[in-house]
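In what follows, a single structure is set out as structure tokens and then discussed.
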Amino acid sequence: MATATTTPAPAAARRPRALPGWIVLAAVTVALYAFWGALPAEHVPTLITGMVLLFLAYSWNIVGGILGELSLVTMVFWAMGAYTLVLVMNSERSAWLPLVVAAIAAAAFAWLIVVLARLLGLDGLYLAVFTLIVYEIARSLVIASEPLGRNEGVILTEFTSLETSAYLLIGLVMIGIAANYGILRSRIGRRWLAIKDDPTAAEATGVFTGREKARAYAISAFLTALGGGVQAYYLGYAQPGTALSVELLIAAVLAVYVGGPGTIAGPLLGTTLVYGLSALATSVSTDINITLYAQLLQYALAFAIIWLLSTRRASRLGLVSWLGALVRRRPPPPPETAPPPADAGVVEAVEAAAPHEPGDVVLSVRGVDKAFGRVRVLRDVDLDLRAGEIVGLMGPNGAGKTTLCNVVTGVIAPDAGTVTLAGEDITRLSTPRRFHRGIARTFQSARLFVSLTVYDNVAVGGAGGAGDHERVHELLTRYGIDGHTSSADAPTFVRRLAEVARAMVGAKRVLILDEPLAGLTPQQHEVILRGVREVAADGTAVLLVEHLIQAVAPVCDRLVVMADGAVIADGPPHTVLRDDRVVDAYLGSTAVAEDEEVVGAADR
Amino acid sequence: MIQDIVSGTTVGALYVLLALGFTVSLGIGDMVNLAHGSVVVAGMYSVFALNTEFGVSPYLAVVAATLICAVLSLVVYVLAIEPSRRSGAGHREQVVYTLVITSGLAIAFQLFFGGDLKGLASGGDVVSLAGITLSRARLVAFLVAVVVCAVFVIWLRYTTSGQLVRMTGRYTESAYAMGVPVRTVFVGVFCLGGALAGLAGGLLMTILPVSPTIGLDFLLIALIVAIAGRLSFAGIAVVGLAYGIVQAVLSNRIGGSNTALVVFVAFLAVLAAQKLFVGRLAARRA
């Protein structure tokens, strides 16, 4: 077990510097520009078509892969760029500035779509359907529009060169890759991946999901519109069949999903797979049927790979995860747990904890009512938490404990009553705002962000300053989990510790732990409870929701017991546990033997 | 006008049938099948091929198309639904994979049948009643659709086996613990949905021409009817019939493209209204 003293962070455990990646990107770009002219001319159109798909895949990866939202409206942005470029060039003006303006308009439109989807409360399938319908509306409008040339589209009157198209596309693809890389390396990418894995937990960790989604959509739409413009420049026309092609989007989406959604290499791997065969077919034959057969064969191949990957664990990341598994090191052993528990261990621990007088009331819940349909889950609940105080919240299943946590953190809104934090009424504040005001929590079921490393899981909620890095690192080292990188494959205890650490980073005022000890051994309980005491000693109020009274009672300053949605007891552990109503509600009147044991634990 | 309403009702009944297929997969098994429209098209081409190549009578071919589409759905299940269920992934993967199948099937149709519109040689029999004329094909399609929908809903609602299927969807783990072959039930539900799509497609073929890429149109119809109908049988029946009638009435007056625009915008308005007045968007279970 790592000691509580902070050791200097070893250099190897820090996040690797981003510099080599950028250098590689720059080198590849230079090499592509240098050697493009040397390519045999007959392969150029095939490669350009491939780059168009690759760029669309990278643009879509930002929303579909990293943020995890199935947006099917993408081709509308693509068309905005394509039609703008053709129309402006046909009026004999330079089209590049208007194209950028169109891209900005696309970004604004994307932002509007996020706002609408949020107002309608759409996600998953319903979001996909919504965006598909928006796309269909746009397509109907284009086909009905005379200036846009209806089904035939508009043709560029100016001659465009293949070479310029190629150079533009190389630049675009590299910009697309760089955008993905930059996002994934930054705190923004961390937040987007968190939203993909678990939007509720992300909000509880201080991520403003609406704002982040709007950003992702806008960036993706901006890039997409540029791509549409360059494709139209290359083709020499913009028409519904190309600029609004669902087939192109589906190919790009498949490329992202087979390659590895939300990864930097995924779209490239996927595009090679999804486009490679038909590229080969077009280069050997001009027969359209051969190309169609090649496309079918590719889809079959893609499904074969999806099928094979799905039989493996952790196949979320497509080919990337499979390739990654080939080179990955074995995970470090699980952390050492607490020193062997002598019976006296708990007592010593309690005595060792610096005695502290609870401070002022930080969090105050007054008269909270909540009903789900006809079931009243919370009835006129009052609760006060003081700075530096550890309060155990107990009660039988269905007593309303988790609902109370949800009301305090803003995951659900109460029907009546107020929640006040340090004198400020926060009843109507959103979950992330409450996090930034110092309320953090864990969830009953482990809700780690599996797309993120253990470090990033803990760091996701922080403000991102240099102090944050130190704090995160200190917590990871203290819990002995700094050697773990993958959070998806980590053992239960490591995941639990990471979740608790994640909440601790944000819990400047109030820390809520929902059943943090469930499923752990007594030694592991000690590790977590020690952390809780340290947090409380720093002046944070801690609310511990727990069934394991024996384990929790010794560390609590106060116990609050709920039954049927109401608080039935509130006071020092030894008084509360002797309360007849508590014994009755919690254990049933016949459970005398257990009763004695529990009270004994509290007395120790 | 009345003529339009009558012919719209016949098409609307087929929309109900194909949306019902989509809804049972989603409502009972929580399986998203965006290849549903392409399965409808497969049903259409099956009837076309059997009738023109082998001289099978259209209605016998419709029965065959139903079976063919059930088998095709099994393939879709194995390719697209099975991997996402196995890796514990949700709708996201199912949406992507079934969309890809839509794209793949469109290519296959193009290869086998060519890109142009194909239609059956129309019998031309006309039924006339109270001044309204209706082709015999439309009348038969309407009656079959109504009867099949009714039988299907009665089976699902009121028979022991139908209730077992619904409860397996709702309480999957309990059903598994009680020895229900859960996987078989889900595969069965998915193929049943495909069979309904095939039947709808086969009947549509007797009144409309087919081309490789219209699968997306049928998918949109299924999505709009199922979601606006909130995945309930009564809702689907009302929305499906209304869709058919509105489409028939409007397309003769403002053109097909504008009609589509009106329907899509109306759908978004319905979504917004549902959000406003009902709160939750769609009841997840049928």
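The values are calculated or read from the model by the stated rules, or taken from the named source; none is laboratory data. Fair warning: this is a prediction, and the values are worked out from it, not measured in the lab. All Cβ positions, even for glycine, are placed from backbone atoms using ideal geometry, and neighbour counts span all protein chains on display.
Evaluate the following for B:Leu143: is it of a type in the set (A, V, I, L, M), surrounded by fewer than 12 Cβ atoms within 10 Å (Cβ to Cβ) and under 28 Å from B:Ser7 (Cα atoms)? Don't jump to the end; show me each part of the working.
On the way: of a type in the set (A, V, I, L, M): yes; surrounded by fewer than 12 Cβ atoms within 10 Å (Cβ to Cβ): no; under 28 Å from B:Ser7 (Cα atoms): yes.
So B:Leu143 does not fit the description; no.
Residues in segment A:413-433 that are outside any strand (DSSP E or B) and either out of contact with any Phe, Trp or Tyr (no Cβ under 9 Å at 6 or more places or on another chain) or crowded, with 21+ Cβ neighbours inside 10 Å (or both): A:Ala413, A:Pro414, A:Asp415, A:Ala422, A:Gly423, A:Ile426, A:Thr427, A:Arg428, A:Leu429, A:Thr431, A:Pro432. Only one entry in A:Phe130, A:Phe55 is more than 13 Å from chain B (Cβ to nearest Cβ) and either free of Cβ contacts under 8 Å to residues at least 40 places away in the same chain or within 17 Å of A:Ala216 (Cα to Cα) (or both), namely A:Phe55. If a residue has to be away from every other protein chain (no Cβ under 14 Å) and on the phi > 0 side of the Ramachandran plot to count, how many in segment B:100-146 make the cut? The number of residues fulfilling the criteria is 3. Within segment A:273-293, the set of residues being surrounded by fewer than 17 Cβ atoms within 10 Å (Cβ to Cβ) and more than 13 Å from chain B (Cβ to nearest Cβ) comprises A:Gly276, A:Leu280, A:Ser283, A:Val284, A:Ser285, A:Thr286.
Only a single item in (1) modelled with pLDDT of 90 or more; (2) surrounded by 19 or more Cβ atoms within 10 Å (Cβ to Cβ); (3) more than 14 Å from every other protein chain (Cβ to nearest Cβ) is not met by B:Ser161, and it is number (2). Scan segment B:90-99 and give yes if some residue there is at negative phi, surrounded by fewer than 18 Cβ atoms within 10 Å (Cβ to Cβ), within 11 Å of chain A (Cβ to nearest Cβ) and not in a helix (DSSP H, G or I), otherwise no. Yes, some residue in segment B:90-99 is at negative phi, surrounded by fewer than 18 Cβ atoms within 10 Å (Cβ to Cβ), within 11 Å of chain A (Cβ to nearest Cβ) and not in a helix (DSSP H, G or I). Does B:Phe22 meet the test of being modelled with pLDDT of 90 or more, touching a helix residue (DSSP H, G or I) at 6+ places or on another chain (Cβ under 9 Å) and over 25 Å from A:Val246 (Cα atoms)? So B:Phe22 does not fit the description; no.
Summed over segment A:394-432, residues that are in contact (Cβ under 8 Å) with a residue 24 or more places away in the chain and under 17 Å from A:Phe208 (Cα atoms) total 7. Among the candidates B:Gly215, B:Gly240, B:Gly235, the residue that is within 12 Å of chain A (Cβ to nearest Cβ) and either in a helix (DSSP H, G or I) or hydroxyl-bearing (Ser, Thr, Tyr) (or both) is uniquely B:Gly215. In this structure, is B:Glu82 free of Cβ contacts under 8 Å to residues at least 60 places away in the same chain and away from chain A (no Cβ under 14 Å)? Criteria not met by B:Glu82. A single entry from A:Ala95, A:Ala128 fulfils the requirement of being crowded, with 19+ Cβ neighbours inside 10 Å, modelled with pLDDT under 95 and in contact with a His (Cβ under 9 Å, 6 or more places away or on another chain): A:Ala128. Per the listing A:Leu116, A:Leu184, the residue uniquely of a type outside the set (S, T, N, Q), within 14 Å of chain B (Cβ to nearest Cβ), out of contact with any helix residue (DSSP H, G or I) (no Cβ under 6 Å at 6 or more places or on another chain) and under 23 Å from A:Trp60 (Cα atoms) is A:Leu116.
The rows are residues; the columns are (1) assigned to a helix (DSSP H, G or I); (2) buried (at least 22 other Cβ atoms within 10 Å of the Cβ).
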{"site": "A:Thr157", "(1), (2)": "no, no"}
{"site": "A:Tyr167", "(1), (2)": "yes, no"}
{"site": "A:Ile170", "(1), (2)": "yes, no"}
{"site": "A:Met174", "(1), (2)": "yes, no"}
{"site": "A:Asn180", "(1), (2)": "yes, yes"}
{"site": "A:Ala202", "(1), (2)": "yes, yes"}
